[in-house]
Amino acid sequence: MRPPGVYSPQGDTSLLCEIVGREAPVGGARVLDLGTGTGAVAMAAARGGAARVTAVDVSARAVLAARANALLRGRRMRVLRGDLFGPVAGEVFDVILANPPYVIGGPEPAVRRGGARAWHGGPGGRRILDRLCAQATRHLAPGGTLLLVHSAFSGVEASLAALHRSGLRARVVARRPEPFGPVMRGKAAALEARGLIGHGQRHEELVVIRADRDAAGGQDERRDERRDEERDEGRGEGRDEERDEGRAGEGHAWRRSA
């Protein structure tokens, strides 16, 4: 079931569903699906044996569609309406799956209603991506994993850097060429005019990024290592100061004897 205005599952959806089983087995896990649309990714997690599945979308129509599809297929999942992590404030998950809006738009203000919200990512395609990368850490349980899919046009290195800054270990785990879908075909001429794609180019590369939060033990070990390094540096500085003081004292004694 897909009401008008709800994002239709496409290549990015199928790629994310495919990678979940390989990179982040969901059996017994608490799973969050951001930008659920029709609920396809969330239902894939439920089929995989997730202990609890929560799906979030800013669109009221998408929330209704995901709930209806879950009911029709006998999948138990919680579907909430809201912006990114807003509806799950204070909660943590073992696996977070995300297919956010990432298509490069123009300089127009943020799209706040209508079907374009499902794909419009702002001038550089990163209006939602940057927020998601910055906020994901606080909603991942220790040892948890984020799987994020988007187009290479939207900046793979920018996503990796943002995730690293937030304290996650991130890397690309899948790449796939994909013919332009209806949205990208409609925007191709404008993207060509801006020099963002080559003349006649009608394909993009989809990427899946995996970002992991260290288990608590790993964080403690790194913190201990940093503390040891700082202590060693402090000892080294202390020894250097002692040597400098000793040399200064020798100099004074030499001058006095002279």
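Computed from the coordinates by the stated procedures, all read-outs in this text should not be read as laboratory data. Remember, predicted model here, so these are calculated numbers, not experimental data. For neighbour counting, all protein chains shown are included, and Cβ atoms are generated from backbone atoms with ideal geometry for every residue, glycine included.
Just rank Leu132, Leu191, fewest to most, by other beta-carbon atoms within 10 angstrom.
Fewest to most other Cβ atoms nearby, the residues stand as Leu191, Leu132.
Test of understanding: ordering His150, His203, His139, His164 by Cβ neighbours within 10 Å, fewest first, what list do you get?
Starting with the residue having the fewest Cβ neighbours, the order is His203, His164, His139, His150.
Would you please give the residues with an amide H less than 5 Å from that of Thr36, counting only those at least 5 places away or on a separate chain, with H modeled from the backbone geometry?
Result for Thr36 returns Val56, Asp57.
Largest first and to the nearest Å, give the Cα extent of segment 11-214 along each principal axis.
For segment 11-214, the Cα extents along the three principal axes come out at 48, 36, 28 Å.
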